[in-house]
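The values are calculated or read from the model by the stated rules, or taken from the named source; none is laboratory data. Values in this document were obtained by computation on a predicted structure and should not be read as measured data. In this analysis, Cβ positions are derived from the backbone assuming ideal geometry, glycine residues included, and neighbour counts consider all displayed protein chains.
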Amino acid sequence: MTDSRPKRYLISTWGCQMNQHDTEKMAGVLAGLGYAPTLDDREADIILLNTCSVREKAESKVFGRLGRLRHLKIANPDLLIGVVGCVAQQAGEGIFRRAPFVDLVMGPRNLSRLGELIEKARREGRSIGLARDDDPIVFPSGTTARASGPKAFVTVMEGCDKSCTYCIVPFTRGREVYRPPVEILAEVRDLAAQGYCEIEFLGQNVNAYHDGNHDLASLLYMADRVPGIRRVRFTTSHPGHLKKTIMDAIRDVPTVCNHLHLPAQSGCDRVLKAMNRGYTRARYVSKIDYLKKAVPGMAFSTDVIVGFPGETDPEFHETLQLLRELEFDQVYAFAYSPRPGTEATRIEGAVPDKVKQERLRELLGAQELIQARRNEALVGRVFEVLVDGIGRLDNGLLKGRTRCNRIVHFPGTARRGDSLDVRITHGHPHSLIGEPLRERGAA
């Protein structure tokens, strides 16, 4: 008697939007191989851990999850377990030594080989794919199993050519490669035809994108002309590549949203130099100031590292003062985490973990007050909100985002993809509460 149960897969994902989109791509490959998704480890025939190695904590979570999967592999030897993404690229064969029950290891530049690697693992017991080709990945967008709308990710480039002393991404993701504009625009048109109305261009250093005479600003203008596309975003940007042409496109292109994620990492010039970031505090602030003057209601988020080797208390307070001066709308802050093979691990003056955590708590506390004050000031304002589903507050409210990327919870019966005018009634540090006024139309 044959087992008629459909084959099932489960993908656990850590990390950035690139990883989220890579999961969508792998889900598409698995669907093409006849697999259906499941959320239950016990039902899965394949479990893939799509990993992040930017910080040690994220990497530790992966191996913790592998430890919990070991008993499933013992109970079901046919279960295929794979580690993919940046930890896979970083650790390589070492994953097999640390977790011998793993069947497949695949770096992020090998997504199109997933089917081949699965077949080899089934046939030979193990497979590994860690090539970091300099050629752009050939990955037809039609095979991607995307999350339901209204928003879709579009990869425009892969890799990073910067050499920040703390960062492992150039090793795990490889050197920069760029997709041709014609290919990118074809994907955007296809997404619009499917009903997606917001796209987000992705790249580890997205504003370094170029292809011939085209740069990121060119892509923004071209995407704006695609019928059905109402919002365009891009991430992640490097301050050194934020050219005036890109900032002017944020100002001038109607569909480009008035929000920018621009990692500062530190507010101290000496620390920025030690990080090899390639800009000064003054140069960073000048970009923010230009956009604040040029774009009404411009919102900003940033990344900050505290406790970088050699960082003194006065230097940390320079970063704290930068946050108070610029008043970011959101901050992603982390204690410095040494990554293997990076230049920063050889810098003297390691900051004790206790001091790093104290600085992190102080910075996050200060930012919480800034966000609470800024969001409370929005009470009474009306924003266009694009509905993206039910909120996580377990109170029956819908959830959506403004063009300036603020999360808004509100009551009603609107559908995913609808646009509503919402009046803000309450402001909290990380979200807003509002009441809908009228519907603008579906995506």
- [ ] Confirm whether residue 306 is of a type in the set (Val, Ile, Thr), touching a residue at least 40 places away in the same chain (Cβ under 8 Å), within 18 Å of residue 344 (Cα to Cα) and in contact with a Gly (Cβ under 8 Å, 6 or more places away or on another chain).
- [x] no
TODO: Just name the residue that is surrounded by the fewest Cβ atoms within 10 Å (Cβ to Cβ) out of those in segment 166-185 that are closer than 27 Å to residue 335 by Cα and hydrophobic (A, V, I, L, M, F, W, C).
DONE: 171
Open item on the list: Just to be sure before I move on: is residue 344 over 22 Å from the mean Cα position of the chain (by Cα) and surrounded by fewer than 16 Cβ atoms within 10 Å (Cβ to Cβ) in the structure I sent?
Closed with: no
- [ ] Could you please find all residues in segment 268-286 being buried (at least 21 other Cβ atoms within 10 Å of the Cβ) and within 23 Å of residue 366 (Cα to Cα)?
- [x] 268, 271, 272, 284
TODO: Return the total of residues in segment 100-111 being modelled with pLDDT under 95 and either under 19 Å from residue 41 (Cβ atoms) or polar (S, T, N, Q) (or both).
DONE: 1
TODO: From 386, 378, grab the single residue that is in a loop (DSSP other than H, G, I, E, B), of a type outside the set (Phe, Trp, Tyr) and touching a Gly at 6+ places or on another chain (Cβ under 6 Å).
DONE: 378
TODO: Starting from segment 372-395, take each residue that is in the same structural domain as residue 433 (by TED's automatic domain parsing) and list its partners that are of a type in the set (Asp, Glu) and surrounded by 16 or more Cβ atoms within 10 Å (Cβ to Cβ), counting only C-beta distances under 6 angstrom and pairs at least six apart or across chains.
DONE: 387/418
Open item on the list: I'm told residue 405 meets every condition in (1) crowded, with 17+ Cβ neighbours inside 10 Å; (2) on the phi > 0 side of the Ramachandran plot; (3) outside any loop (DSSP other than H, G, I, E, B) except one. Can you identify the failing condition by its number?
Closed with: (3)
Open item on the list: Tally up the residues in segment 309-320 that are touching a Gly at 6+ places or on another chain (Cβ under 6 Å) and either closer than 17 Å to residue 357 by Cβ or surrounded by fewer than 15 Cβ atoms within 10 Å (Cβ to Cβ) (or both), please.
Closed with: 2
- [ ] Working only within segment 414-426, note down all residues that are surrounded by fewer than 22 Cβ atoms within 10 Å (Cβ to Cβ) and more than 17 Å from residue 149 (Cα to Cα).
- [x] 421, 423, 425, 426
Open item on the list: Which of the numbered conditions does residue 351 fail, given that it passes all the others? Conditions: (1) assigned to a loop (DSSP other than H, G, I, E, B); (2) hydrophobic (A, V, I, L, M, F, W, C); (3) closer than 30 Å to residue 150 by Cβ.
Closed with: (3)
Task: Matching residues, segment 40-59, being over 19 Å from the mean Cα position of the chain (by Cα) and either modelled with pLDDT under 95 or part of a helix (DSSP H, G or I) (or both) - done: 41, 42, 43
Open item on the list: Restricting to segment 330-355, give me the number of residues that are under 24 Å from residue 261 (Cα atoms) and in contact with a strand residue (DSSP E or B) (Cβ under 8 Å, 6 or more places away or on another chain).
Closed with: 7
Task: Members of segment 13-48 found to be farther than 18 Å from residue 153 by Cα and of a type in the set (S, T, N, Q), listed by number - done: 38
- [ ] Residues being surrounded by 13 or more Cβ atoms within 10 Å (Cβ to Cβ), in contact (Cβ under 8 Å) with a residue 60 or more places away in the chain and part of a loop (DSSP other than H, G, I, E, B): count how many of those fall in segment 321-341.
- [x] 5
TODO: Within segment 401-436, count every residue that is of a type in the set (A, V, I, L, M) and touching a helix residue (DSSP H, G or I) at 6+ places or on another chain (Cβ under 7 Å).
DONE: 1
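On the given criteria, is residue 377 under 19 Å from residue 258 (Cα atoms), surrounded by fewer than 16 Cβ atoms within 10 Å (Cβ to Cβ) and hydrophobic (A, V, I, L, M, F, W, C)?
yes
The rows are residues; the columns are (1) touching a residue at least 40 places away in the same chain (Cβ under 8 Å); (2) under 30 Å from residue 202 (Cα atoms).
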position: 5; (1), (2): no, no
position: 11; (1), (2): no, yes
position: 16; (1), (2): yes, yes
position: 21; (1), (2): yes, yes
position: 27; (1), (2): yes, yes
position: 52; (1), (2): no, yes
position: 73; (1), (2): no, no
position: 85; (1), (2): yes, yes
position: 90; (1), (2): yes, yes
